[in-house]
Amino acid sequence: MSNKFIGKSIKRVEDKRFITGHGRYTDDIVLPGMTYAYILRSPYAHANIKSIDTSEAAAMKGVVTIMTGEEVGHYGVPCGWQVNFKNGDIMKEPPHPLLVKDKVRHVGDAVALVVAESREIAQDAAEAIIVDYEVLPAVTDASKAVEAGAPQVHDSVPNNICFDWEIGNPKAEVDEAMASAAHITSLDFVNQRLSPNAMEPRSYIGHYDNVYDRYTLYTSTQNPHLIRLLMCAFVLGLPEHKVRVVGPDVGGGFGSKIYHYTEEALVTLAAKKTGRPVKWTETRSEAFLTDAHGRDHVTFAEMGFDTEGKIVGLRIKTFANLGAYLSTFSTAVPTYLHGTLLQGLYTTPKIHLDMTCVFTNTTAVDAYRGAGRPEATFLLERLIDLAALEMGIDPTELRLKNFIAPFDGVTQPGYQTNVALQYDSGNYHGVLARGLEMLGYEDFRKEQAEAAKTNKLLGVGFSTYIEACGIAPSAVVGSLGARAGLFEVGQVRVQPTGSVSVFTGAHSHGQGHETTFAQIVADRLGIPMENVEIHHGDTESVAFGMGTYGSRSLAVGGSAIVKSLDKIIEKGAKIAAHKLECSPDDIEFADGKFTVKGTDKSLTFGDIALTAYVPHVYPANLEPGLDFSSFYDPTNFTYPFGCHIAVVEVDKETGATKVKRFIAVDDVGNVINPMIVDGQIHGGLAQGIGQALLEGIEFDSTGQIINASYMDYAMPRADDFPMFELDRQVTPCPHNPLGVKGAGEAGCIGSTPAVVNAVVDALWSGGHKVKDVRMPMTPERVWTAMQS
Amino acid sequence: MPKISVTVNGTSYSHEVEGRLLLVHYLRDVLGLTGTHVGCDTSSCGACTIHLDGKSVKSCSLLAAQADGSSITTIEGLAPEGELHPLQVGFKEEHGLQCGFCTPGMIMCAADLLEHNSTPSEQEIREALEGNICRCTGYHNIVRAIQSASGQLETAAP
Amino acid sequence: MIPQAVDYKRAGSVSEAISLLAENPDAKILAGGHSLIPAMKLRLNSPSLLIDIARIAELRFITAGDGAVAIGAASTHNDIISNADIQSRFLAMVEAGELIGDTQVRNMGTLGGSIAHADPSADWPGVLLALNATVKVEGAGGTREIAAADFFTGFFSTALEEGEIVTEIHIPNPVAGANSSYQKFLQPASRFAIVGCAVAVVITDGVISEAKVAFNGVSGEGAFLDEAVSTALLGKAATLETIEAAVAGAAEGIDINEDHYASKVYRKHLAKVYAKRALVAACEL
């Protein structure tokens, strides 16, 4: 172990190829004889298909093949997480066919695949396909879809209810607690639907080698092994050892590239059928219609307080919109990733969530950065800031009254919540205190009072959040319905010359694993970073893996690598002991040297590596080679937390909101590369603030998305933000070897309610005592709130 | 089919192209310069930004034919082979990229800015990037990268 | 997204462009292409032939004359806002031009292309109305000069006849005491105007002696001059009170546009706010 790299802002080793234009994304890959696919999609949200006529298209020059639901409609993609109804019945799981043949269920539902010699011909031919639709009424709002007489998305799903579900204390106990409350703050709100918008559109290339009977799928995915497993075992019935899945450079994911999409299986089938590589790259317009969306909850929530301001109960009813079909993890998001976080940072004694998950004529909804945890945080942090306004208590004071006391999870036990989880370690007071110090809270309130006399109102909003990351302990998630284990794999192969190849099942699509993981390996082995290379994203080279999401790469994937490093060092010590003629117990390893304790007799890591592969004088009980693989299955989730503070200015004349300051104090446990962690926080903040102020998928009454392009869906731009003000507290995770908690989602989880709270605070300062401004808080919505 | 002659990153090319071929597809598919990316359909995201006769443009909203007779610079040609442009250095030093997809367009846009304004203010940088979308960085470190490239930041300690 | 098949011809001169257009009735004129090509990619527009006029030298100039500044139709937005004669005469043009699209769009998009397209939310039409511009067009039958107020005829429609192209825009030089401003409330995704207000005033001895107030984005019917506001300003002292009283009647009797970013009520409110802001800026209050 050396201390040269861990904790330092090492510049990223992967950057060179990206800044020079040599990143290799799926759409950059050209294979000999490649063909291009275009998918004809439904223009209607809900319609019966009366007929499909492909004859004209099929006759067009350059068309290689056309596939429809008639040919491949019996194949469908599965859901990876089973959730049961309250009464124990299994959730409704209607098929999600690769191409539909009977009825389209959302705008963008796939009807036909055209494969052609060029993408121009493919699109031209798709336009020549004639589909006769019988248009049906559509429903897009989850709370309306359950009403009697609502359009039925699937005949097999009565009232469009996939399942109902609850978590927390018995409902009667919560009702009793609420009845005893001195004050109840209630809020009717929508956590709106978002489009993930990774900048690289999804892209897939299917390839079939008929000599070796092998398939290769290049895919812009966050988890190639999971895609291979799902596609082989649950969709196409292909032998897994005959299928290679490669996730090359991937241009962002944010959850949207976790899932196994129908198009991955389609290009694979088309490649087998045509004998030629088939590339499909979606357009941005298609991405808006088909990349799994996020959020979309309709909620009524109440938080009860006693006369001292202590929370006595929390009662919630939510309808979660799943879209038209189940995506890979869609059922877990509103339930186990959301309901389990409703304790927040507070000692709330009684909590009950009643959740109904619903099908609608919309794009599938699944995990989007934060996945369930932003929704939980939004609910809690909106309620507590609003309660403070209503009760005339300072919002920071109200939090302090209700915070769970600090605990380190080592000498003090973890905190058992009322919603199933046990927090690992935390110091919630610390992050709030630091945030207030950075804000200059007292001065701010004076400034706010002055501003109230002008045309620009000022507001401050707080959000003190917790999340569950490091997904996830397999036994726990298995008992909750996950159809996979969520361990990770890390293999460390020391080459004879002492350089090191690391194979991780995590996948980097911007997170900088090639740097962070190399920092850990270089320090643990005492070697230069340039002697380490991190490999990821190819099922051929990486034994297995569960991929990157849920802020799990370092906590789970990094820990798997550490496990293998421990094995390397242990074996290295045995080799050293043999060479130095002592007991392995007498060998100590530091700074890249194996030394006989108390002597100057030592061998370098390079000596040991060479000896491992040139074992000319080896005892019988020592195997040659220095190559270990480990599976790491965490014992608990990790629980990052933090305090986010937004300062906003609201133009009284127009309702336009400007974020003046944004302060984030996050505790993500130990930090390997502060530069990269800060970068993750920055990006998360932009997405969270984007939800508050700019973003939101909107449907019309027929189920069309009215803002399915960058001309209508407001993506955050550089001039929407100030420089972010970041600081960090470190409470190590007690249960993984690196003490890390994960940083990928924190920014996105904490920031949204801080901004809404700030706007509401600004409005109250101007005398407009509104409870909520619906997100995105467009200028018109804020202006309208001020007219009341 | 129109015949076009262009100079791209200092090399002259002539091709017959379909009238509808977009410049970005010409660069990517015909010349194999895949550093220029396509991130949207509406001329909004800026991932396809290149320099056409010294000015930044969105190559997804031009036909290849429109570029006939022009000189083009893409991210691959921004700096001589084996060297880095100060902006490329700035993006690396200040962690101005994560997934890297928007990065070439960001750098090409910023290069145009610095041509006209060698020491832009933070606000001027943010405004200059209005036609380029990044989903990873929150723009914070992109702004810093451009400040760094324009000599306005102390070099961060490693 | 790929356009449908299309032929492409680059015109070497205005007369060549006009004869190509006459020979190919389904052809479209291509200048910067930043409205046309995105529409073709989405297959909302599929001409048979594109006639590229962007490189015709006689269409790309900015000349300050005694009576007016003449701007060639193929001048890009960036050509205009970086031109010293424009900067010293027409602040509204600079303010509007800087808010069109983004740097890359401003490097390609042209004044002529924008006004011929006549998007109701585009910025130039309002500015040309307020500045009392004249649009010079040319076709097989010769040239015509059309006042801006007559040129913009509605939703994506202009007084251009079939076979005609825009060649020049003339903007009368400002008189003593003249000033102008353009203020815009942006749609946050497209950055087109939800409300754009262009004003031109002449202030003589503290009194508003001439005033033109034009809006774009407000009405789906396109940019328009708001005569009521202009009239209410005339002969009054250039004060905040005058302005507030005048803008109270802004956008009355107009068919106001609405979309998911701005309802009719809100848009009308914004029209008053932005008229006030533009007038305050132009009156240097």
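Remarks
- Sole residue being open to solvent by 10 Å² or more (accessible area, probe 1.4 Å), away from every other protein chain (no Cβ under 14 Å), among the acidic types (D, E) and assigned to a helix (DSSP H, G or I), chosen from A:D761, A:D719, A:D772, A:D727: A:D761
- Matching residues in region A:682-716 - criterion: being at the interface with another protein chain (Cβ under 7 Å from one of its Cβ atoms), of a type in the set (A, V, I, L, M) and in a loop (DSSP other than H, G, I, E, B): A:L694, A:I706, A:M711, A:A714, A:M715
- Matching residues, region A:419-450, being touching a Cys at 6+ places or on another chain (Cβ under 7 Å) and either free of Cβ contacts under 8 Å to residues at least 12 places away in the same chain or not in a helix (DSSP H, G or I) (or both): A:D424, A:S425
- Filtering region A:478-488 to residues that are surrounded by fewer than 24 Cβ atoms within 10 Å (Cβ to Cβ) and either in contact with a strand residue (DSSP E or B) (Cβ under 7 Å, 6 or more places away or on another chain) or not in a loop (DSSP other than H, G, I, E, B) (or both) leaves A:G478, A:S479, A:G481, A:A482, A:R483, A:F487.
- Taken over region A:690-716, residues that are open to solvent by 10 Å² or more (accessible area, probe 1.4 Å), under 19 Å from A:F254 (Cβ atoms) and among the aliphatic types (A, V, I, L, M) amount to 5.
- Strands (runs of 3 or more DSSP E) wholly inside region B:1-83 containing at least 2 residues that are open to solvent by less than 20 Å² (accessible area, probe 1.4 Å): B:3-8, B:49-52, B:55-58
- Meets criteria (under 21 Å from C:A92 (Cβ atoms), acidic (D, E), within 14 Å of chain A (Cβ to nearest Cβ) and more than 18 Å from the chain's Cα centre (by Cα)) for C:E284: no
- Evaluation of C:I203 against the conditions (1) within 16 Å of C:L91 (Cα to Cα); (2) in contact with a helix residue (DSSP H, G or I) (Cβ under 8 Å, 6 or more places away or on another chain); (3) open to solvent by less than 50 Å² (accessible area, probe 1.4 Å) shows that the sole unmet condition is (2).
- Only one of the numbered conditions (1) part of a loop (DSSP other than H, G, I, E, B); (2) under 19 Å from A:G21 (Cβ atoms); (3) touching a residue at least 40 places away in the same chain (Cβ under 8 Å) is not met by B:G105, and that is (1).
- Test result for B:A110, more than 10 Å from chain A (Cβ to nearest Cβ), surrounded by 19 or more Cβ atoms within 10 Å (Cβ to Cβ) and of a type outside the set (D, E, K, R): yes
- Selection from region C:16-45 of residues that are of a type in the set (S, T, N, Q) and either under 25 Å from the mean Cα position of the chain (by Cα) or within 30 Å of B:H37 (Cα to Cα) (or both): C:S35, C:N45
- Odd one out for A:I749 among (1) in a loop (DSSP other than H, G, I, E, B); (2) within 30 Å of A:I6 (Cβ to Cβ): (1)
- Number of positions in region C:35-54 that are in a loop (DSSP other than H, G, I, E, B) and facing another protein chain (nearest Cβ under 8 Å): 3
- Those strands (runs of 3 or more DSSP E) of region A:1-73 that lie entirely within it include none in which at least 1 residues are free of Cβ contacts under 8 Å to residues at least 12 places away in the same chain, open to solvent by less than 50 Å² (accessible area, probe 1.4 Å) and away from every other protein chain (no Cβ under 14 Å).
- Residue list for region A:387-401, filter: touching a Ser or Thr at 6+ places or on another chain (Cβ under 8 Å) and surrounded by 18 or more Cβ atoms within 10 Å (Cβ to Cβ): A:A387, A:R399
- Every condition in (1) open to solvent by 20 Å² or more (accessible area, probe 1.4 Å); (2) assigned to a strand (DSSP E or B) holds for A:T307 except the one numbered (2).
- Flag if B:G100 is at positive phi, in contact with a Gly (Cβ under 7 Å, 6 or more places away or on another chain), of a type outside the set (D, E, K, R) and without any contact (Cβ under 8 Å) to a residue 40 or more places away in the chain: yes
- Checked against (1) open to solvent by 30 Å² or more (accessible area, probe 1.4 Å); (2) touching a residue at least 60 places away in the same chain (Cβ under 8 Å); (3) outside the structural domain of A:G392 (by TED's automatic domain parsing), A:V235 meets all criteria but (1).
- Conditions (1) part of a helix (DSSP H, G or I); (2) within 14 Å of chain C (Cβ to nearest Cβ); (3) charged (D, E, K, R); number of the one not met by B:R144: (2)
- Identity of the residue in region B:25-53, under 18 Å from C:T110 (Cβ atoms) and more than 7 Å from every other protein chain (Cβ to nearest Cβ), that ends up farthest from the chain's Cα centre (by Cα): B:D53
- Some residue of region B:128-138 being more than 7 Å from every other protein chain (Cβ to nearest Cβ) and more than 23 Å from C:Q187 (Cβ to Cβ): no
- Condition met for A:G655 (part of a loop (DSSP other than H, G, I, E, B) and without any contact (Cβ under 8 Å) to a residue 60 or more places away in the chain): no
- Of the strands (runs of 3 or more DSSP E) contained entirely in region A:102-202, those carrying at least 2 residues that are more than 14 Å from chain B (Cβ to nearest Cβ) and surrounded by fewer than 21 Cβ atoms within 10 Å (Cβ to Cβ) fall at A:130-135, A:161-168, A:183-194.
- Each residue in region A:104-159 was checked for being within 30 Å of the chain's Cα centre (by Cα) and among the charged types (D, E, K, R), and 4 of them qualify.
- Region A:483-522, residues that are out of contact with any Asp or Glu (no Cβ under 7 Å at 6 or more places or on another chain) and hydroxyl-bearing (S, T, Y): A:T497, A:S499, A:T504, A:T516
- Subset of region B:59-77 (residues that are more than 10 Å from chain A (Cβ to nearest Cβ) and over 21 Å from C:D7 (Cα atoms)): B:S71, B:I72, B:T73
- If the condition is being away from every other protein chain (no Cβ under 14 Å) and either open to solvent by less than 10 Å² (accessible area, probe 1.4 Å) or closer than 30 Å to A:K310 by Cβ (or both), then region A:203-225 contributes A:Y204, A:G206, A:L217, A:T219, A:N223, A:P224, A:H225.
- Residue count, region A:397-418 (criterion: in contact with a Gly (Cβ under 9 Å, 6 or more places away or on another chain), more than 16 Å from A:L342 (Cα to Cα) and in a helix (DSSP H, G or I)): 3
The values are calculated or read from the model by the stated rules, or taken from the named source; none is laboratory data. Since we're looking at a predicted model, the values are computed, not measured. Positions of Cβ are generated from backbone atoms using ideal geometry, with glycine treated the same way; all protein chains shown enter the neighbour counts. SASA here: full protein model, heavy atoms, side chains in, ligands and nucleic acids out. Shrake-Rupley method; radii C 1.70, N 1.55, O 1.52, S 1.80 Å.
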